[in-house]
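> Structure in structure tokens, see below.
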Amino acid sequence: MEAIIIDGKKVADEFRARLAERVEKLAQRGVIPGLTAVLVGDDPASASYVRSKKKAAAEIGINSSVVELPAGTPQSELDSIIDGLNADDRVHGYIVQLPLPKQLNVEKTIQRILPVKDVDCFHPENVGLMTLGRPRFLPATPGGIIELLRAYNIQTSGAEVVILGRSDIVGRPLSIMLAQKAVMGNATVTVCHTRTRDWVRHTRNADILISAVGRANTVTAEMVKPGATVIDVGMNRIDDPSAKKGYRLVGDVDFAGVSQVAGAITPVPGGVGLMTVAMLLANTVTAAELRGQ
Ligand code: GUN
């Protein structure tokens with residue numbers, strides 16, 4: 001049987017419509033949420049993410065701007081940009097787009113962000129609050145995945161969830177959120193990573209299988225339990241001479257094969273990525289609301 005295609009655009013549109021109402025309420029108090037992205041260097045994928053964040057922000061009435069810095073920017077320069085954003089009242093939230101060029105220290109950079117403006121939810125204070133079940137912000141991609149599962153009534157309570165990848169941005173925070181005692185939690189979570197001995201033994205047991213490793217064709221049909229929900233976080237460029245840009249975007253999952261076995265599946269593009277952007281906007285609105293309290 002063909003899997004249900006989880007429509008990230010539809011869910012993100014509905015989610016943003018609800019956000020627009022919160023933005024409207026802020027506007028009545030004279031507050032316009034401000035979001036800034038700091039982009040260091042000229043990584044084309046990062047530049048494309050930042051453009052889509054800016055466009056989505058404008059659509060719901062969030063003021064957004066981008067600080068573009070050359071690839072060779074030293075740490076001291078980035079630090080003073082961050083200090084400026086921390087002090088700027090028009091900026092309710094900002095992100096430093098990752099990855100950073102190698103002369104820059106990611107940990108030091110994140111640590112310098114004022115936690116109440118850390119709409120990526122990367123700062124240790126925000127990761128700590130989230131981990132304790134008292135979130136100020138939600139990490140964007142994990143939060144977006146949970147909203148997709150909620151929108152499609154996919155039960156997490158009691159479910160066996162297998163997450164491929166243990167990154168700071170997706171795998172680890174998502175594993176914490178789904179195991180928490182919460183409506184969209186209460187799952188039994190297994191995290192597979194580079195040292196896991198036998199991925200398939202785990203993946204075949206998953207009611208919900210989430211891949212966040214960043215490698216095309218990581219998940220194939222025989223790894224999936226029939227009827228399982230498959231969430232694809234991958235965003236991989238593969239060469240395609242027939243495409244206008246010379247490449248196309250694919251996820252981690254072999255969509256053609258897995259969609260014959262799974263019960264529900266997210267496409268790439270059109271799945272998780274759109275929800276990531278929506279959650280970043282939600283955190284920005286939350287930051288503006290918190291400031292007013
Ligand atoms: N690089 C890939 N995903 C993200 C994200 O969610 N936030 C930032 N700042 N950088 C990223």
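The values are calculated or read from the model by the stated rules, or taken from the named source; none is laboratory data. The shown structure was predicted, so the numbers you read here are calculated from the model rather than taken from an experiment. A quick note on method: Cβ atoms are made from the backbone with ideal geometry, for glycine too, and the neighbour counts reach across all protein chains shown.
> Name every residue in the range 66-90 that is under 18 Å from Asn283 (Cβ atoms) and within 15 Å of the ligand (Cβ to nearest atom), in order of residue number.
The answer is Val66, Ile82, Leu85.
> Going through the range 68-89 one residue at a time, which ones are within 17 Å of Ile32 (Cα to Cα), more than 24 Å from the chain's Cα centre (by Cα) and surrounded by 13 or more Cβ atoms within 10 Å (Cβ to Cβ)?
Hit for the range 68-89 is Asp88, nothing else.
> Here's something else I'd like to know. Within the range 20-39, count every residue that is touching a Gly at 6+ places or on another chain (Cβ under 9 Å) and under 23 Å from Leu85 (Cβ atoms). Let's see the steps before the verdict.
To start, the set of residues in the range 20-39 that are touching a Gly at 6+ places or on another chain (Cβ under 9 Å) comprises 20, 23-24, 26-27, 29, 31-36.
Narrowing the set further to residues that are under 23 Å from Leu85 (Cβ atoms) leaves 23, 26-27, 29, 31-36.
Residues that pass the stated criteria total 10.
> Could you look through the range 91-117, keep only residues that are touching a Phe, Trp or Tyr at 6+ places or on another chain (Cβ under 7 Å) and under 28 Å from Ala27 (Cβ atoms), and pick out the one that is nearest to the ligand (Cβ to nearest atom)?
Checking each candidate, the answer is Gln97.
> If we scan the range 281-289, do we find a residue that is in contact (Cβ under 8 Å) with a residue 24 or more places away in the chain, small (Gly, Ala, Ser), under 21 Å from Arg150 (Cβ atoms) and assigned to a helix (DSSP H, G or I)? Outline the logic, then answer.
Within the range 281-289, the subset in contact (Cβ under 8 Å) with a residue 24 or more places away in the chain is 281-289.
Those still in the list that are small (Gly, Ala, Ser) too: 282, 287-288.
The next check asks that each one be under 21 Å from Arg150 (Cβ atoms); those that pass are 282.
Now narrow it down to the ones that are assigned to a helix (DSSP H, G or I): 282.
Within the range 281-289 (the criterion being in contact (Cβ under 8 Å) with a residue 24 or more places away in the chain, small (Gly, Ala, Ser), under 21 Å from Arg150 (Cβ atoms) and assigned to a helix (DSSP H, G or I)), the answer is yes, since at least one residue qualifies.
> Something else now. Look through Ile60, Ile113, Ile82, Ile32 and report the one residue that is touching a Lys or Arg at 6+ places or on another chain (Cβ under 8 Å), of a type outside the set (Phe, Trp, Tyr) and farther than 21 Å from Met275 by Cα. Explain how you work it out, then say what you get.
Values: Ile60 fails: farther than 21 Å from Met275 by Cα; Ile113 fails: touching a Lys or Arg at 6+ places or on another chain (Cβ under 8 Å); Ile32 fails: touching a Lys or Arg at 6+ places or on another chain (Cβ under 8 Å).
The unique qualifying residue is Ile82.
> Any residue that is within 10 Å of the ligand (Cβ to nearest atom), small (Gly, Ala, Ser) and in contact with a Cys (Cβ under 8 Å, 6 or more places away or on another chain) - is there at least one of those in the range 138-151?
Checking the range 138-151: at least one residue is within 10 Å of the ligand (Cβ to nearest atom), small (Gly, Ala, Ser) and in contact with a Cys (Cβ under 8 Å, 6 or more places away or on another chain).
> Out of the range 16-52, which residues are of a type in the set (A, V, I, L, M, F, W, C), modelled with pLDDT of 95 or more and within 16 Å of the ligand (Cβ to nearest atom)?
Looking only at the range 16-52, we keep the residues that are of a type in the set (A, V, I, L, M, F, W, C), and these are 17, 19-20, 23, 26-27, 31-32, 35, 37-40, 45, 47, 50.
Still in the list and also modelled with pLDDT of 95 or more: 17, 19-20, 23, 26-27, 31-32, 35, 37-40.
Across the range 16-52, the qualifying residues are Leu35, Ala37, Val38, Leu39, Val40.
> What number goes with the only condition from (1) in contact with a strand residue (DSSP E or B) (Cβ under 9 Å, 6 or more places away or on another chain); (2) without any contact (Cβ under 8 Å) to a residue 12 or more places away in the chain that Ala243 does not pass?
That leaves (1) as the condition not met.
> Scan the range 15-23 and give yes if some residue there is in a helix (DSSP H, G or I) and of a type in the set (Gly, Ala, Ser), otherwise no.
Kept after step one, since they are in a helix (DSSP H, G or I), are these residues of the range 15-23: 15-23.
Filter again for of a type in the set (Gly, Ala, Ser), leaving 17, 20.
Yes, that holds for at least one residue.
> So which pairs qualify, if the first residue must be in the range 130-158 and more than 17 Å from Ala206 (Cα to Cα), the second must be more than 16 Å from the ligand (Cβ to nearest atom) and assigned to a loop (DSSP other than H, G, I, E, B), the Cβ gap must be under 6 Å, and the two must be at least 6 apart or on different chains?
Listed by first residue and then by second, the contacts come to Gly133/Gln180; Leu148/Ile6; Arg150/Met184; Tyr152/Ile6.
> Could you say whether any residue in the range 45-67 is surrounded by 14 or more Cβ atoms within 10 Å (Cβ to Cβ) and acidic (Asp, Glu)?
No.
> Looking only at helices (runs of 4 or more DSSP H) that fall completely inside the range 167-267, which ones have 2 or more residues that are surrounded by 23 or more Cβ atoms within 10 Å (Cβ to Cβ)?
Values: elements: 171-179, 199-203, 255-258.
Ranges flagged: 171-179.
> Also: Is the range 174-182 home to any residue that is modelled with pLDDT of 95 or more and within 16 Å of the ligand (Cβ to nearest atom)? Before you say what the answer is, go through the steps one by one.
Taking the range 174-182 and keeping what is modelled with pLDDT of 95 or more, we get 174-182.
Keeping just the survivors that are within 16 Å of the ligand (Cβ to nearest atom) gives 174, 177.
Checked against the condition, which is being modelled with pLDDT of 95 or more and within 16 Å of the ligand (Cβ to nearest atom), the range 174-182 yields at least one hit.
> What tally of residues in the range 57-97 results from selecting those that are in a loop (DSSP other than H, G, I, E, B) and aliphatic (A, V, I, L, M)? Talk me through it step by step, then tell me what you get.
Step one: list which residues in the range 57-97 are in a loop (DSSP other than H, G, I, E, B), which gives 60-62, 70-74, 88-92, 97.
Filter again for aliphatic (A, V, I, L, M), leaving 60, 62, 71, 91.
The total comes to 4.
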